[in-house]
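*Asks:* Dropping the structure in here first, questions after.
What follows draws every value from the coordinates through simple rules; no lab data is involved. The model shown is predicted, which means the values in this text are computed figures rather than measured ones. Please note: Cβ atoms are built from the backbone with ideal geometry, for glycine as well, and neighbour counts cover all protein chains shown.
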Amino acid sequence: MIAQTAPMGWNSWNTFGENISDQLIRETADAMVEQGYRDAGYEYLVIDDCWSLRERDAEGKLVADPAKFPHGMKAVADYVHSKGLKFGMYSCAGIRTCAGYPSSYDHEFVDAQTFADWGVDFLKYDFCNFPDSADCKTRYATMSMALKATGREILFSACNWGREDPWSWMRSIGVQMYRSTGDIQDNFISFTSILRSQIPNFCMSGNFCFNDIDMLTVGMYGRGNVAFGNACTDSDYRTQFALWALFSAPLMLGGDIRNMNDFCKQLVLNRNLIRINQDIESRNPYQVFDGKAQYGAPDWWNNADHTALTFIKHMSDGEFAIGYFNLGEKAGEVSFTFADAGLPYGSGYGFELTDAFTGEKLGVKRDYFNPVVPPHDCAVYLARIARV
Ligand code: GAL
């Protein structure tokens, strides 16, 4: 049984692109253990595109590039496993990967066996150079079957960028997470548009099969492989991480975790935010605003000025998470009444709030609690219903 809650880990693409190596993976594995990422739940260490030679070997198998991985891929997997981590790799449903390396179209079974032989626990499966004549759903189902045929438990991370409404069929074909959007960039517009594009679909994301809105960019500050536009600020990173947490999206770190600054490290290791993301029920939050609650389709693209967003998420054991987001350019109060979320003033109940970032206890609030939130930033609370 894998992916009961959203998968967590690290992926090489956002920061390193093609600049990957045995040494980088070993150093990252060391950092995941020594700096507390593994113990916080970040379990999968995933090598993305550009790890192989440009051609298969005489037997038709994929070959790790000896210049980047001189000891072969099994040795890398063994090292990752020796650290108590799980090992992930990358291939693609098309003829070539996005960066032009051989990929698994018509080689699904041989490649799945190669990955299993190396000790791979996670396969990210991309969608570049997919033949026009081929059927997307069938080909993802084929790789899913090929992974099962190995007998090894391998998490299937399908990355078809949202083509053919993946939320409606990826669960059925045995996928644990499906990328629903194009590639994230390390800027505010990119990650907020990615998140909001999926609000109507998150109700179909849940335990064992999660909507994947891409690797995080926390800690990149405009460096690396997906640096376009105005690089994210600390506020942007708080907002990004809190949104991913509230929506129970997979938490795949994309920064260089060997060298994260303290702010970003504390952020992605925040126990409360991870607990919100990993809640066993993995429910999507609902949006509350303007005197009504929205359970799926958001109103924010009908209202360009509507930059204050509020979400409430039911969690296990009577707990809630409440998020107040200010996606505007000026500080301001972000508000909703608890009645609009389902807890009326007249009920005699309010919410007892704890600041998820700081752990500060704020007591019981009745009717509303409207924090002032800096631009691009957020406030997130753990809440319990309490008598007032
Ligand atoms: C893209 C994918 C990215 C990354 C890249 C590698 O298609 O969405 O996450 O894997 O390919 O070339």
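*Asks:* Being β-branched (Val, Ile, Thr) and farther than 16 Å from residue 99 by Cβ is the filter here; which residues of segment 50-77 pass it?
*Replies:* Listed by number, the list holds a single entry, 76.
*Asks:* Specify the residue that is surrounded by the most Cβ atoms within 10 Å (Cβ to Cβ); the eligible residues are those in segment 263-292 that are among the aliphatic types (A, V, I, L, M) and over 18 Å from residue 31 (Cα atoms).
*Replies:* For segment 263-292, the residue satisfying everything is 276.
*Asks:* Would you mind telling me which numbered condition in (1) within 29 Å of residue 164 (Cβ to Cβ); (2) within 25 Å of the chain's Cα centre (by Cα) residue 80 fails?
*Replies:* Exception for residue 80: condition (1).
*Asks:* Looking at segment 188-222 only, could you name the residues that are within 16 Å of the ligand (Cβ to nearest atom), part of a strand (DSSP E or B) and not acidic (Asp, Glu)?
*Replies:* 210, 211
*Asks:* Being β-branched (Val, Ile, Thr) and surrounded by fewer than 23 Cβ atoms within 10 Å (Cβ to Cβ) is the filter; apply it to segment 172-183 and report the residue that is nearest to the ligand (Cβ to nearest atom).
*Replies:* Restricting to residues being β-branched (Val, Ile, Thr) and surrounded by fewer than 23 Cβ atoms within 10 Å (Cβ to Cβ), the top hit is 181.
*Asks:* Restricting attention to segment 64-85, report how many residues are aliphatic (A, V, I, L, M), under 21 Å from residue 121 (Cβ atoms) and part of a loop (DSSP other than H, G, I, E, B).
*Replies:* 1
*Asks:* Moving on to the next point. Name every residue in segment 132-147 that is more than 16 Å from the ligand (Cβ to nearest atom) and of a type outside the set (A, V, I, L, M), in order of residue number.
*Replies:* Result: 132, 133, 135, 137, 138, 142, 144.
*Asks:* Say whether the condition of being without any contact (Cβ under 8 Å) to a residue 60 or more places away in the chain and more than 16 Å from the chain's Cα centre (by Cα) is met by at least one residue in segment 268-275.
*Replies:* No, every residue in segment 268-275 fails to be without any contact (Cβ under 8 Å) to a residue 60 or more places away in the chain and more than 16 Å from the chain's Cα centre (by Cα).
*Asks:* Looking only at segment 120-135, decide whether some residue is closer than 16 Å to residue 108 by Cα, touching a Gly at 6+ places or on another chain (Cβ under 9 Å), polar (S, T, N, Q) and surrounded by fewer than 19 Cβ atoms within 10 Å (Cβ to Cβ).
*Replies:* Yes: one or more hits.
*Asks:* Quick check on segment 148-171: of everything there that is loosely packed, with under 15 Cβ neighbours inside 10 Å and within 16 Å of the ligand (Cβ to nearest atom), which residue is farthest from residue 92 (Cα to Cα)? Steps first, please.
*Replies:* Of all residues in segment 148-171, those loosely packed, with under 15 Cβ neighbours inside 10 Å come to 148-149, 151, 153, 163-165, 168.
Pick out the ones that are also within 16 Å of the ligand (Cβ to nearest atom) and you get 163-164.
Working: 163: 14, 164: 17 Å.
Per the criteria, the residue is 164.
*Asks:* Hey, another quick one. Here is a list: 5, 15. Which entry is among the hydroxyl-bearing types (Ser, Thr, Tyr), away from the ligand (no atom under 16 Å from the Cβ) and crowded, with 18+ Cβ neighbours inside 10 Å?
*Replies:* Criteria check complete, one pass: 5.
*Asks:* Please work out which residue is farthest from residue 162 (Cα to Cα), limiting yourself to segment 194-205 and to residues that are touching a residue at least 60 places away in the same chain (Cβ under 8 Å) and more than 13 Å from the chain's Cα centre (by Cα). It would help to see each step written out before you state the result.
*Replies:* From segment 194-205, those touching a residue at least 60 places away in the same chain (Cβ under 8 Å) are 196, 199-200, 202-203, 205; that's our starting set.
From what's left, more than 13 Å from the chain's Cα centre (by Cα): 196, 199-200, 203.
Details: 196: 14, 199: 13, 200: 13, 203: 15 Å.
Filtering segment 194-205 for residues that are touching a residue at least 60 places away in the same chain (Cβ under 8 Å) and more than 13 Å from the chain's Cα centre (by Cα), the one farthest from residue 162 (Cα to Cα) comes out as 203.
*Asks:* Now for a separate question. Does residue 61 fit the bill of being closer than 22 Å to residue 150 by Cβ, outside any loop (DSSP other than H, G, I, E, B) and charged (D, E, K, R)?
*Replies:* Values: closer than 22 Å to residue 150 by Cβ: yes; outside any loop (DSSP other than H, G, I, E, B): no; charged (D, E, K, R): yes.
Here the answer is no, as residue 61 does not meet what is asked.
*Asks:* Show the residue pairs that are 6+ apart or on different chains and have beta-carbon atoms under 8 Å apart, the first residue being within segment 113-127 and at negative phi and in a loop (DSSP other than H, G, I, E, B), the second being within 16 Å of the ligand (Cβ to nearest atom) and among the hydrophobic types (A, V, I, L, M, F, W, C).
*Replies:* 120/89; 121/155; 127/92; 127/93; 127/136; 127/159; 127/161
*Asks:* Six or more apart or on different chains, Cβ under 8 Å: which pairs go from a residue in segment 22-50 that's without any contact (Cβ under 8 Å) to a residue 40 or more places away in the chain to one that's within 16 Å of the ligand (Cβ to nearest atom)? Could you list them?
*Replies:* Going by the 8 Å Cβ cut-off, the qualifying pairs are 24/12; 24/16.
*Asks:* Still on this structure, I have one more. Looking at segment 298-388, what strands (runs of 3 or more DSSP E) fall wholly within it and have at least 2 residues that are without any contact (Cβ under 8 Å) to a residue 12 or more places away in the chain and more than 20 Å from residue 286 (Cα to Cα)?
*Replies:* Where strands (runs of 3 or more DSSP E) fall fully within segment 298-388 and carry at least 2 residues being without any contact (Cβ under 8 Å) to a residue 12 or more places away in the chain and more than 20 Å from residue 286 (Cα to Cα), they are 361-365.
*Asks:* So, of the residues in segment 86-100 that are crowded, with 21+ Cβ neighbours inside 10 Å and in a loop (DSSP other than H, G, I, E, B), which turns out to be farthest from the ligand (Cβ to nearest atom)?
*Replies:* In this case the residue turns out to be 93.
*Asks:* For the condition within 25 Å of the chain's Cα centre (by Cα), within 16 Å of the ligand (Cβ to nearest atom) and not aliphatic (A, V, I, L, M), what is the one hit in 65, 39, 49?
*Replies:* Working: 65 fails: within 25 Å of the chain's Cα centre (by Cα); 39 fails: within 16 Å of the ligand (Cβ to nearest atom).
49 is the lone residue from the list that is within 25 Å of the chain's Cα centre (by Cα), within 16 Å of the ligand (Cβ to nearest atom) and not aliphatic (A, V, I, L, M).
*Asks:* If a residue has to be within 13 Å of the chain's Cα centre (by Cα) and over 17 Å from residue 253 (Cα atoms) to count, how many in segment 159-180 make the cut?
*Replies:* 2
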